[in-house]
Ligand code: UT7
């Protein structure tokens, strides 16, 4: 059988840091409220003129170099993003050009905060089907561009960044101990599409609109959906919580991470948490957290890693990977 083996990762954060105290100067909020209710202490903000494709390019170059590959080796580029450079073309096409590529396929996946997991699952299936050999999967966002700074329900939560991985199709005996993506699971319940939305869009208002969220309702769904995503990814691979070395969740709220860990009996020391530094970077959050834990030496080759996310749609999903 063919397995999609994760060969490299990279990430990028813009230079500018905005602390909770910085925000409190122009939003009716406080460091105390933000840090106790969400776990966020700061977030990064892209510079004027610094685009989603710029963040994606840095992350992609890091992942390629980590994998020991060049753009010539890649034949599939997938960008998970809710904040594309332009309405069209896909940011993946712009990125492909920036990488000096004109071969293979490139497209964006729009699944809001689940965008990276959706992109990973799509790439995995293309690789397993034999249609592509080497994929670059990226989550990249400039969410601060669609924040209404006066809306404290959202403006204190989100930040900018990008993370990327390289997946390579490799022949595998298919054992649980063999490298590669062991299972993926994707879900959407479109009935809940208004819980995280924008108050405008191309077709509706000929503009982008700002992010709006019914936070409490999203929170109510989050723990159940994330727990389901983790359980299904594990049962599909015939593995259990105890087999997982690292959980790399979407970083939306520390209280969601803690409640999920408690519900499933996940030891907190196995959960990668970057929310304090990054805030919620939507589709970039999982690959950013993953890259941070690989680079600081926590996550190592051979480890079993579980990625999960939930976001607008509502979408949610998971991917189980042996490194
Ligand atoms: O990434 C996609 C997935 N997203 C998520 O998973 C987000 C899920 N939701 C959450 O993380 C939380 O619901 C929030 C962090 C968004 C909000 O936390 P909460 O504990 O659910 O607060 P709340 O919305 O119930 O608001 C509690 C109080 C309200 O005041 P009253 O009505 O009790 O007087 C709000 O007006 O906190 C107030 N509040 C704030 N106060 C200071 C809301 N936002 C702020 C703020 N600063 N930024």
In a Gaussian network model over the chain where Cα atoms closer than 10 Å are linked, find which of 213, 310, 45 has the largest mean-square fluctuation.
213
Want the number for residue 276 to residue 103: 0.36 nm per residue separation, take away the alpha-carbon distance, what's left?
58.4 nm
Put in order of increasing Cβ neighbours within 10 Å, starting from the fewest, 87, 70, 154, 315 give 87, 70, 154, 315
Taking the Cβ of each residue in 103, 132, 250 as the centre, tally the other Cβ atoms inside 10 Å and list the residues starting with the fewest.
103, 132, 250
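Rank the residues 300, 25 as a footprinting-exposure proxy: fewest other Cβ atoms within 10 Å of their Cβ go first. Walk me through the numbers on the way to the answer.
Values: 300 11, 25 8.
Fewest-to-most ranking of 300, 25: 25, 300.
When a/c reaches 1.5 or more, the comparison of a/b and b/c decides; with that in mind, is the range 216-297 rounded, prolate or oblate per its Cα gyration tensor?
Taking the square roots of the gyration eigenvalues as a ≥ b ≥ c, the range 216-297 is oblate.
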What spacing in nm lies between the two simple spin-label points modelled at residue 178 and residue 47, each 7 Å away from Cα in the Cβ direction?
4.7 nm
Could you calculate the contour length gain from residue 153 to residue 194, that is, 0.36 nm times the residue separation minus the distance between their Cα atoms, to one decimal place in nm?
13.3 nm
Rg to Rh for the range 252-323: what is it, with Cα atoms only and Rh by Kirkwood?
0.94
Tensor-based shape of the range 101-185 (alpha-carbon gyration tensor, a/c under 1.5 rounded, otherwise prolate or oblate):
prolate
When the chain is modelled as a GNM with alpha-carbon springs shorter than 10 Å, which of 249, 287, 267 fluctuates the most?
267
Looking at the square roots a ≥ b ≥ c of the eigenvalues of the Cα gyration tensor of the chain, which shape do they give, rounded for a/c under 1.5, prolate if a/b is larger than b/c, or oblate?
oblate
Relative contact order computed over the chain (Cα-Cα under 8 Å; 6+ residues apart), in percent
26 percent
Summing -39500 (n - 2.57) over every DSSP H run of at least 4 in the chain, dividing by its residue total and rounding to the nearest 500, the 222 nm mean residue ellipticity is -9500 deg cm²/dmol
Of 257, 192, 51, the one that fluctuates the most in a GNM where the chain has Cα springs shorter than 10 Å
192
Quick calc, residue 221 & residue 19: beta-carbon distance into FRET formula, R0 25 Å, rounding 0.05, result 0.25
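Where a number appears in this text, it was derived from the coordinates with a stated rule and is not lab data. A quick note: this is a predicted structure, and the numbers were derived from the prediction, not measured. Reconstructed Cβ throughout: ideal geometry from the backbone, glycine too, with neighbour counts over all protein chains shown.
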